[in-house]
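Notes for the one structure printed next.
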Amino acid sequence: MNMRKSRVLRQMRNGKVATCVKLNLSDPRNAEIAAMCGFDCIWIDLEHVPNDMPSVESAVRAAKIYDVDTLTRVSKGCYSDMVRPLEGDSTGIMVPHLMSLEEAKKIVYYTKFHPIGRRPLDGGNADGAYCLVSAEDYIREANEERFTVVQIEDPEPLSELEEICALPGIDMIFFGPADFSQGIGAPNSNDPRIDEARRLVAKTARKHGKFAGTVGSAANFDELVAMGYTFISTGADVVALFTYYQDMVQKVSGRVITPMEEG
């Protein structure tokens, strides 16, 4: 038996762009609907959203039915916070607010197996098919088919960006423009330094053979692809819901009841 192969990595390795949607709501039916609609990946969040590991596992199961990957953004804590989602068969993990090369080295150390890192070895969970995948295959396939993502969303790590992108074991560099805008003291603005950093991240990642990811929309999707981004998260469930709800309310609210005529 083998580990499930990553749809995202397959897309990007074949020169295609992988699509993603962020899910804040933890109901697994939400994940299933997103997967049914054809995204390559769903993004589950443990940094900002009060989700837990059972909800991550349920989302992973729902997505796998349709051969869709799950990317879990972890909370910044101990190594177990990075490893548990992987062992629950999340196809990738994303570590927010990478601040230095030294931190990147620690992330690789804990999320990649030998000979790249020293991730603790178990194999008795969903990713290793509960020990049905041999230990030798598990180590090799986890390194090949599971991806580690670090987020550049602060100005501090830019001074070491070349070294971070060159580091073996980091599979994707993900640029976060919103927090980066805060880091440069220009929150939610069109400051040109944001676009400069976005372009620099994509260029440097590709220079070192790494994938570049970011957030975007249908409106700027082609522009981001032209920059070199091959993993783009294009929306969120909560945005989809409030857009639909607001539109519906505007269409039906405020109606005046017309009394029926007496016959």
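Starting from the 7 Å offset along Cα-to-Cβ, what nm value, one decimal, do you get for the label separation of SER217 and ARG193?
For the pair SER217/ARG193, the computed spacing is 2.4 nm.
Please work out the FRET efficiency for the pair VAL256 and LYS76, using the Cβ-Cβ distance as r and a Förster radius of 51 Å; give the result to the nearest 0.05.
0.40
Could you work out how much longer the chain between MET1 and ASN125 gets when fully extended? Use 0.36 nm per residue separation minus the Cα distance between them, nm to one decimal.
Full extension of this stretch gives 43.3 nm more.
If you consider only alpha-carbon coordinates, what radius of gyration and Dmax does the stretch 50-188 have, in Å?
15.6, 51
Compute the acute angle (0 to 90°) between the alpha-carbon long axis of helix 135-145 and the principal axis of greatest extent of the alpha-carbon atoms of the chain; round to the nearest 10°.
It is inclined by approximately 50 degrees.
When the Debye formula is applied to the Cα atoms of the stretch 17-113, each taken as the same point scatterer, what base-10 log of I(q)/I(0) results at q = 0.11, 0.19, 0.22, 0.24 Å⁻¹?
-0.30, -0.84, -1.06, -1.20
Please work out whether the stretch 7-251 counts as rounded, prolate or oblate from its C-alpha gyration tensor, where a ≥ b ≥ c are the square roots of the eigenvalues and a/c under 1.5 means rounded, while otherwise a/b larger than b/c means prolate and anything else oblate?
Working: a/c = 1.66, a/b = 1.10, b/c = 1.51.
Since a/c reaches 1.5 but b/c is at least a/b, the shape of the stretch 7-251 is classed as oblate.
What is the packing order of peptides 115-125, 66-76, taking the mean over residues of other C-beta atoms within 10 Å and listing the highest first?
Going by the mean number of other Cβ atoms within 10 Å, highest first, we get 66-76, 115-125.
Could you order peptides 38-47, 161-170 by the average number of other Cβ atoms within 10 Å of their residues, highest first? Please list the in-between numbers first.
Numbers: 38-47: 21.5, 161-170: 18.2.
Most protected by this proxy first, the peptides run 38-47, 161-170.
Report the label-to-label distance for GLN246 and ASP137 in nanometres (one decimal), using points 7 Å from each Cα along the Cα→Cβ vector.
5.0
With contacts defined as alpha carbon pairs under 8 Å and 6 or more residues apart, what's the relative contact order of the chain in percent? Could you put the intermediate results ahead of the total?
Working: 472 pairs, mean separation 48.3, N = 263.
It comes to 18 percent, rounded to a whole number.
No other cysteine beta carbon under 4.7 Å away is the test; run it over the chain and list who passes.
CYS37, CYS78, CYS131, CYS165 - these cysteines have no disulfide-compatible partner (Cβ-Cβ under 4.7 Å) in the chain.
Each value in this text was obtained by applying a stated rule to the coordinates, not by laboratory testing. Model, not experiment: these values are computed from the prediction. Using ideal geometry, Cβ is built from the backbone for each residue, glycine included, and neighbour counts are taken over all protein chains shown.
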